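A short worksheet on the structure shown next.
The values are calculated or read from the model by the stated rules, or taken from the named source; none is laboratory data. The shown structure was predicted, so the numbers you read here are calculated from the model rather than taken from an experiment. As a convention, Cβ positions derive from the backbone with ideal geometry for all residues, glycine included, and neighbour counts pool all protein chains shown. The protein model used for the area step is the full one, side chains on, heavy atoms only, and it has no ligands, DNA or RNA in it. Shrake-Rupley method; radii C 1.70, N 1.55, O 1.52, S 1.80 Å.
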Amino acid sequence: MSKKIKFHFNPHIQPSLFEDLDLPDNRLEDLPSMPDPEEFIVDRMEMPGVQSSASPSNPLAAPINGIKERDTVFFISFGSGSSGNSAFVADNTGGFIIDAGVDLHRVTETLAGCGFSMNDVKGIILTHDHSDHVHYVYTYVRRNPHIRVYCTPRAFNGIMRRHGISRRLKDYHVPIHKEFPFTIGAFEITAFEVSHDGMDNAGFFIRRPADPEAPTMAVATDLGCITDRVDHYMRQATHIVIESNYDLAMLRNGPYPAHLKARIEAPTGHLDNVVAARYIASIASAKLRHVFLCHLSQDNNKPEIAAAAMTDALNALRSGADAEAQTALPEAPILVTPLPRLSASQLFTLRTV
């Protein structure tokens, strides 16, 4: 019997617009700090082989609040989409934030609810210079001056040139370079090239070198196609954060003007649900545990559509594999979680067994 794929789904959270619109600063400032809605867990969707990733029987996705287990890696998304992107990766000694497009109030409140504080944040790593990824970065460091900002020099220059962010941000900047690992706390992070239309766009591969058995994570939040470098790092990861931005039929039949549709579909634009799903299915291995879908478009996608594309591809992979190929697939179900657009996710514990 084929193994089932599982995912966590919140039917009350809608995903984001294509993420890289440069919204005016005052529009972003006026966005409300929305309270986190109650997290609804769907125990079983009307899809073959799909169950909730937060099922009580599933130890890989059990939410943990206020508990910092030794040698455990945690992940939380504060928001994912054109209204703001930010996430947190940590162990019991602290961690770092990926992107700074969500207001500080939501970040600090969410961290506190999960047993962390901004004192546990040792750095901020930035993927690129679009406003929904960097808008609040100076607020983060101005109010928490122990934090440093890690991005490539070209990305930093893009931030300074395109946005009304204080020049004092340079006092907190630590230059990094793609393919050269750097460390924040217990984590080693390697930036790699992704195909997008920002300035010097980066994905990140994250591991804890002191613990070879610890989970590894590959993050590519904005990309129009799968490049060789994306593929190289995704194949090494036990946990993947990847864009699943749009449903092609919704985009092509939707209200966007032709030039905007073309931009989204371009190799430097955003990733189609089916393309993301087929790619993940093509690299699924015995070590892959969890796939987080990020940057879902508000107008051209729905969480259930993105999740169905991914789970269908993974289910088809397993059901169609011969006996020899089955041995290379994960023993445990691969979890699939669309990340909320306007609120924080639960705090996930990342485990390899």
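From largest accessible area down, sort 221, 268; use a 1.4 Å probe on the protein chains.
268, 221
Under a crude label model (7 Å from the Cα following the beta-carbon direction), how far is residue 282 from residue 193 in nanometres?
It is 1.8 nm.
Starting from the amide H of residue 350, placed 1.01 Å from N in the peptide plane, find each other amide H under 5 Å away whose residue is 5 or more places distant or on another chain.
73, 74, 75
I'd like the carbon and sulfur percentage of the solvent accessible area for region 169-227, probe radius 1.4 Å, heavy atoms only, ligands and nucleic acids excluded.
Ligands and nucleic acids excluded, carbon and sulfur give 57 percent.
Tell me, what ³J(HN,Hα) does each residue in region 195-207 have, in order and in whole Hz, if you take phi through Karplus 6.51 cos²θ - 1.76 cosθ + 1.60 with θ = phi - 60° and put x for Gly and Pro?
Values per residue, Gly and Pro as x: 9, 8, 9, x, 9, 6, 5, 10, x, 9, 10, 10, 8 Hz.
How far apart, in nm, are the 7 Å Cα→Cβ label points at residue 171 and residue 268?
3.5
Take every DSSP beta bridge with both residues inside region 59-206 and express the antiparallel ones as a percent of the total, to the nearest 5.
The antiparallel fraction comes to roughly 65 percent.
Can you give me the accessible area per residue for region 166-207, using a 1.4 Å probe, in Å²?
The answer is 45 Å² per residue.
About the Cα centre of region 169-253, what is the dipole size in debye to 20, counting +1 per Lys and Arg Cβ and -1 per Asp and Glu Cβ, all else neutral?
My answer is approximately 60 debye.
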